[in-house]
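The values are calculated or read from the model by the stated rules, or taken from the named source; none is laboratory data. This one's a predicted model, so the numbers in the text were calculated from it and none came from an experiment. Using ideal geometry, Cβ is built from the backbone for each residue, glycine included, and neighbour counts are taken over all protein chains shown.
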Amino acid sequence: MNRKVFTHHVSRITPVANSANIAVEVFSQAQTTLFLNRSRTLSRLYPSLRLLATATPAFDSYPLYLYPMGMTHKPLILITNDDGIHSPGLHAAITALEKMGELLIIAPTEQQTGMSRSLPATFDGRIHPIELEHAGKTYPAYHMNGSPAQCVLYGVMECAQRPPDLIVSGINYGENLGNSTMISGTVGAALQGGDMGIPSLAISLETKKEYHYNHGEDVDWSAAQYWLNFFARQALASQPWPEDVAALKIDIPAPATPKTPWRITRQSRHLYYISIPTNRNHPEEPVVMDYHVQIDPQAIEPDSDIYAFAVERIISVTPLSVNLTARVSLQEFATQLGRQPLAPDNND
């Protein structure tokens, strides 16, 4: 099947002759099993998405696709970010992954830092195909005026002809650590992918603070590219992950090299980025809160992402879950709530 870029309209894929035989020939038994399992998972989570659930591809049962991809034995890797379609970090990710599989690139039109896993109702629903120039090559890609999580959602459900084998969010300008992780659009995109049953990576590189919202051009991406390639290969080789692992959050210190150690960490319960009051003079004054990094090494948990990254200066790899339930005994907590005296009613 030839690659095409539909620049002005959306087109349904035309069935190819003997498509079932093609699938049998290019997919190994293990690949086919993984492909079918992921299709069934997506179909169960999103009933409106009628992905392949049998051994015979039925192309006309797919939703509308903007960019038909050929049936191939290579993994399909969806790349997104929260820094925008023209971010040098996105291009760094392309370089790290382009020889590993078939790439589906879809990212926000503009900066979407701090969007977490939100699906803003202000998104107009438009997906814009473009030809993305990268290192002398042209890649079919898409951008949309939505959040990183929406890029993943629409990318999987409306742009991919087959379920992605991996979702990569990044490479992000600036680390995402501790309780500040919840704010990250980079992490939000990966959690969206993980919640759809697709192994996902959120990878971030320590940069100057002024680059968190602007694309700095003097960033050395080489170590981050090396580790993205490494962990992408590990993710593809180690599937399926444990049920509660939706995504891996990878944070790379600026001085890191291919020889820098890494270890599995927990998300710290401490904040990493601390908000600074504006000291505004009037409520309507257009002043935005600033922030800075503030940690107490003595208080940080030794097995945490902050400790590994900021104290040991090694690469932190944190398995994340979409389950936000507090890690307490529910029965004991229910009893505690029942025993506590009721708060006073101010209306009494």
Query raised in the report: What residue, among those in the range 133-156 that are farther than 17 Å from Met115 by Cβ and crowded, with 20+ Cβ neighbours inside 10 Å, is farthest from the chain's Cα centre (by Cα)?
Result: Pro140
Query - Test result for Leu153, assigned to a helix (DSSP H, G or I), more than 21 Å from His215 (Cβ to Cβ) and free of Cβ contacts under 8 Å to residues at least 60 places away in the same chain - result: yes
Requested in this report: Out of the residues in the range 225-267 that are aromatic (Phe, Trp, Tyr) and touching a Pro at 6+ places or on another chain (Cβ under 8 Å), state the one that is surrounded by the most Cβ atoms within 10 Å (Cβ to Cβ).
Outcome: Trp227
Report summary line: Here the qualifying pairs (Cβ atoms under 6 Å; residues six or more apart or on different chains; first in the range 63-82 and closer than 14 Å to Met157 by Cβ; second at pLDDT below 55 and aromatic (Phe, Trp, Tyr)) come out as Leu66/Phe6
**Report entry** Answer residue from the range 255-286, given it is of a type in the set (A, V, I, L, M) and farther than 22 Å from Arg233 by Cα and is nearest to the chain's Cα centre (by Cα) among those
**Finding:** Leu271
Query raised in the report: Hey, does the range 129-149 have a residue that's charged (D, E, K, R), closer than 21 Å to Leu191 by Cα and at pLDDT below 90?
Result: no
Query raised in the report: Of (1) outside any helix (DSSP H, G or I); (2) surrounded by 14 or more Cβ atoms within 10 Å (Cβ to Cβ); (3) not aliphatic (A, V, I, L, M), His292 satisfies all except one. Which?
Result: (2)
Query - Residue in the range 208-224 that is nearest to Ile252 (Cα to Cα), counting only those that are at pLDDT 90 or above and surrounded by fewer than 21 Cβ atoms within 10 Å (Cβ to Cβ) - result: Ala223
Report task. Kindly indicate whether any position in the range 151-171 is closer than 26 Å to Asp303 by Cβ and at pLDDT below 95. Result -> yes
Query raised in the report: Which condition number does Phe333 fail, the rest of (1) of a type outside the set (A, V, I, L, M); (2) surrounded by 10 or more Cβ atoms within 10 Å (Cβ to Cβ); (3) in a loop (DSSP other than H, G, I, E, B) being met?
Result: (3)
Report summary line: The condition of being modelled with pLDDT of 95 or more and not β-branched (Val, Ile, Thr) holds, among Pro277, Pro286, Pro242, Pro258, only for Pro258
Query raised in the report: Name the pairs: first residue in the range 157-180 and crowded, with 24+ Cβ neighbours inside 10 Å, second residue outside any strand (DSSP E or B) and among the basic types (Lys, Arg), Cβ to Cβ under 7 Å, at least 6 apart or on different chains?
Result: Pro163/Arg38
Query - Within the range 221-271, considering residues that are touching a residue at least 60 places away in the same chain (Cβ under 8 Å), in contact with a strand residue (DSSP E or B) (Cβ under 8 Å, 6 or more places away or on another chain) and assigned to a helix (DSSP H, G or I), the one nearest to Pro164 (Cα to Cα) - result: Leu236
Query - Residues of the range 177-189 that turn out to be under 17 Å from Pro120 (Cα atoms) and part of a helix (DSSP H, G or I), as a count - result: 7
Query raised in the report: Within the range 99-132, restricting attention to residues that are more than 15 Å from Ile79 (Cα to Cα) and free of Cβ contacts under 8 Å to residues at least 24 places away in the same chain, which residue is surrounded by the fewest Cβ atoms within 10 Å (Cβ to Cβ)?
Result: Ala121
